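A quick write-up on the structure given underneath.
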Amino acid sequence: MENRTHFTRLTREDVGRYAIITENPADCEIIASFLEDAKTISYHREFKAMLGTKNRERITVLSYGIGSPSAAIAVEELASLGVDTVVRVGFATPIEPNAQPNDIVLATAAVKMDGTCADYVPMEFPAVANYVLNRTLEQAAAGQNPGITLKLGIVESKDAFYRPKEFDRTLITNEFILDRAWRKGKVLCSDMETAAIFVVSRCRWVRAASISRVTSTGEEDITPCARLAAEGLGQFIELDKTEPSGCLLT
Amino acid sequence: MVTKEGLQFHIRLKEGDVGRYVFLPGDPGRCEGIASLFDHPQKIAYNREYLTYTGYVDGVKVSVMSTGIGGPSATIAIEELAAIGADTFIRVGTGGSLHERVQLGDVVIANGAIRMDGTSKEYMQPQFPAVADFQVVKALEDAAKNHDDVENGLRHHVGIVKNKDSYYGQHNPERMGVEEELFAKHEGFVYGGAIAGEMESAALFVAASVLGVRCGAIFLIGNNVRGSDQQMDRASSGESTRRFYGGHGRANKIAVDAVRLLIQRDQAN
């Protein structure tokens, strides 16, 4: 077997510089529908990989399953093959009233309620998106027709989907009463991977962004996020051709 | 908290004394330089480290107020200014480079900040990110592009900065009981891609998130780093001293131009 990445089973020939990543393997087809000549490359465990093009550049679509550990693996393995730009598209639950179902959220930074980030950087280090990539996505959203209204702000990334929401404060520590804290910090919504994707990307010199569709029923689909990711990456690809790669640090 | 005359307790200002947009240098000695870029600047108050000038930019009232060094005094500043109507803040400071590509005389615009401070812990849990307001970062970047002097090697960078509380913990860590922790954490921060160090951003950004106001920051860089052990060259030669002290003017102009853009964009919305 040639040099394939351990979990995602990809080689350098399967990727370019740009990737769109998502939780659910079933959503890869929807994302790939916004690219040209898309085809499935591999599917092992929760990692389904498709490859298409946009503006004549390869864009990989990769699912990573639920949670930060597998999302971190996806970023690491893509980075090891030369990917330097990753856009996550996914879902998030609202932290009302800061966000409402069907809002589309572009994360500026994430609250690190996962276990993975602490394996990479000290707790003081922020999970922050790549600014230039975010700027390009914001611009792409403004130019879309029909338009979408993007909310920009902080998201939370948690590990426990079914974590309890209400506890008698006398029984447990204040750590569990977190929705209230994040609400005060104007956190918009809660997902399960953005923080780890941002931190691992920083450590691997990958530019990362995260677009979430806010949902409370789980019945909406990924289409608006996928469309924005593809259009935004199309513009970002053109930007990369003109600007020096110094924006890796941003 | 207010005095019996109705002035905010530490900054000694009341509603009407400041504009919506406020510049926050650390050093009172730098307020005049920023105020000189306003129309009709007036000195309003000077209590403790808080020196305030108010004037106009493009016909809109703006202010500059020094915060002193560190999160405690800086967050008092942003709290009391927010209480009297300010909602957009740009910290204009000095910082140290943590990356070879970030050189003496360059300016750094903070996208996020490392929370190695005490103050932000009294606002939000440690997992919460210190992140600048996106619109403020955009305005600073657009303004900075016009002030690059690539021929003379003066550039701007956008990235993550390290907010420490202890200046001498950064510069003489070997003297400290927590020497090992300082070195290890610093290595982690550089590994994650921190590009500069300073002393107020994380506290300001987290406080701003809780207050629901907009905050960004721009720093003039005062040193170079060489090599993986981050040897520091400070402004010692005549040329580098000129680059640094002349750089304050450039950083101030970028900050004021950023507020011009914010004013335009806010009025358009």
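A few comments on the model shown:
- Placing pseudo-labels 7 Å out from each Cα toward the beta carbon at A:Lys186 and B:Asp87 gives an inter-label distance of 1.0 nm.
- The residues packed around B:Ile11, meaning those with a beta-carbon under 15 Å from its beta-carbon, carry a net charge of -2 if Lys and Arg are +1 and Asp and Glu are -1.
- In the protein assembly as shown, the DSSP beta bridges split such that about 45 percent are antiparallel, to the nearest 5.
- Considering region A:51-152, its Cα convex hull presents a mean projected area of 8.2 nm².
- Counting only alpha carbon atoms, the long axis of helix A:223-242 and the longest principal axis of chain A meet at about 60°.
- Sparsely packed trypsin sites (Lys or Arg not before Pro) within region B:1-104, loop by DSSP, other Cβ within 10 Å at most 13: B:Lys4, B:Arg48
- Each 10 Å bin, from zero up to the one with the longest distance, holds this percent of the alpha carbon pairs of region B:97-156: 19, 37, 30, 12, 1.
- Around the Cα centre of chain B, unit charges on the Cβ atoms of Lys, Arg, Asp and Glu (plus for the first two, minus for the last two) sum to a dipole of about 380 debye.
- For chain B, the membrane-span-like helix rule (DSSP H, alpha carbon extent of at least 30 Å along the helix axis, mean Kyte-Doolittle at least 0.5) picks out no helix; this says nothing about an actual membrane.
- Of all DSSP beta bridges in chain B, antiparallel share, percent nearest 5: 45 percent
- Other protein chain C-beta atoms within 10 Å of residue C-beta, averaged over A:111-123: 4.
- Here the protein assembly as shown is treated with +1 on each Lys and Arg Cβ and -1 on each Asp and Glu Cβ, and its dipole about the Cα centre works out to around 620 debye.
- Average other protein chain Cβ within 10 Å of Cβ, residues B:102-114: 3
- Spacing of the modelled spin labels on A:Gln235 and B:Glu15, each 7 Å from Cα toward Cβ, amounts to 3.9 nm.
- Stokes-Einstein diffusion coefficient of chain B, Kirkwood radius over Cα pairs, 10 °C, 1.306 mPa s, in µm²/s: 85 µm²/s
- Within chain A, the longest run free of chymotrypsin sites (Phe, Trp or Tyr not before Pro) that sit in a DSSP loop with at most 14 other Cβ atoms within 10 Å is A:1-160.
- Additional length obtainable on full extension of the chain from A:Arg4 to A:Asp159, 0.36 nm per residue less Cα span: 52.9 nm
- Site pair B:Glu32 and B:Met1 shows an inter-label distance of 3.2 nm when each label is modelled 7 Å from Cα along Cα→Cβ.
- Under the convention that each Lys and Arg Cβ holds +1 and each Asp and Glu Cβ holds -1, the size of the dipole of chain A around its Cα centre is about 340 debye.
- Computed E for B:Ala268/A:Arg12 - FRET, C-beta separation, R0 41 angstrom, nearest 0.05: 0.35
- Scaled against the 2.2 N^0.38 Å expected of a compact globular protein of N residues, the Cα radius of gyration of the protein assembly as shown reads 0.97.
Laboratory data are not the source of any read-out in this text; all were calculated from the coordinates shown. Values in this document were obtained by computation on a predicted structure and should not be read as measured data. As a convention, Cβ positions derive from the backbone with ideal geometry for all residues, glycine included, and neighbour counts pool all protein chains shown.
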